[in-house]
1. Take THR160, THR151 and order them by how many other Cβ atoms sit within 10 Å, fewest up front.
2. Pop the C-beta distance of GLU68 and ARG132 into the FRET formula with R0 = 30 Å and round what comes out to the nearest 0.05.
3. May I ask for the distance between the Cα centers of the range 35-74 and the range 94-169, given as a whole number of Å?
4. In nm, what is the difference between 0.36 nm times the number of residues separating ASP112 and SER96 and their Cα-Cα distance?
5. Please turn the phi angles of the range 110-125 into ³J(HN,Hα) values with the Karplus equation 6.51 cos²θ - 1.76 cosθ + 1.60 (θ = phi - 60°), one per residue in order, whole Hz, x for glycine and proline.
6. Quote the convex hull volume per residue of the chain, based on C-alpha atoms, as a whole number of Å³.
7. Expressed as a rounded percentage, what relative contact order does the chain have, with Cα pairs under 8 Å and six or more residues apart?
8. Can you list which of the GluC sites (Glu not before Pro) found in the range 99-169 are DSSP loop residues with at most 15 other C-beta atoms within 10 Å?
Amino acid sequence: MAKQSSKKNGGKGEVVIDIGIGGKDREKIAGGLAKVLADTYSLYLKTHNFHWNVEGPMFNTLHLMFMEQYTELWNALDAIAERIRSLGYPAPGTYSEFARLTSIEETEGVPDALQMVRLLVAGHEAVARTARSTFPAAEKGGDESTADLLTQRLQVHEKTAWMLRSLLK
């Protein structure tokens with residue numbers, strides 16, 4: 001078993017992170033994951049909002065579907081944030097940081113049920129694109145843990161987008 005490094009960095013009291021991924025690679029990966037986290041949080045909030053406000057003939061179906069989706073998104077937030085922390089960087093956690101980092105636009109007002117579905121399709125596709133754009137940094141850094149997390153997130157977002165699109169036919 002490899003011995004863990006306990007060296008101090010420049011007398012600042014910072015512990016050196018020696019997980020086999022260089023500092024610049026960790027920084028780039030954490031930056032990509034911060035965007036995935038911001039997109040996930042923004043989509044969580046949008047989905048929860050739609051759960052509260054959906055109306056119409058598909059109310060029960062959409063209300064329950066949105067609840068399943070926002071619960072999954074909520075649970076994903078910790079895994080993403082904790083991966084950022086394990087790379088040695090703080091996870092963003094304020095509305096202003098999320099607003100700056102997210103690619104998902106806020107929805108004003110209360111759209112009708114089918115527009116909610118369209119907006120959530122677009123949101124899940126956006127998170128998938130953001131996750132996919134983080135892969136090159138993870139691959140370059142040899143960060144299999146992040147690649148695995150991104151693969152899991154892609155599977156969820158691509159499947160959810162497909163299921164939501166199916167409601168629009």
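Each value in this text was obtained by applying a stated rule to the coordinates, not by laboratory testing. Please read all numbers here as calculations on a predicted model, not as lab measurements. All Cβ positions, even for glycine, are placed from backbone atoms using ideal geometry, and neighbour counts span all protein chains on display.
1. Starting with the residue having the fewest Cβ neighbours, the order is THR151, THR160.
2. Details: r = 24 Å, r/R0 = 0.78.
Taking R0 as 30 Å, the efficiency between GLU68 and ARG132 is 0.80.
3. Result: 13 Å between the Cα centres.
4. On the way: separation 16, 0.36 × 16 = 5.76 nm, distance 2.77 nm.
Computed gain between ASP112 and SER96 is 3.0 nm.
5. Going residue by residue, I get 10, x, 6, 4, 5, 5, 4, 4, 4, 5, 6, 4, 4, x, 5, 5 Hz, with x marking Gly and Pro.
6. Details: hull volume 20.2 nm³, N = 169.
Considering the Cα atoms of the chain, their hull volume per residue is 119 Å³.
7. Values: 187 pairs, mean separation 48.3, N = 169.
Contact order relative to length: 29 percent.
8. Numbers: sites: GLU105, GLU106, GLU108, GLU125, GLU139, GLU144, GLU158; in loops: GLU105, GLU106, GLU108.
Sparse-neighbourhood loop GluC sites (Glu not before Pro): GLU105, GLU106, GLU108.
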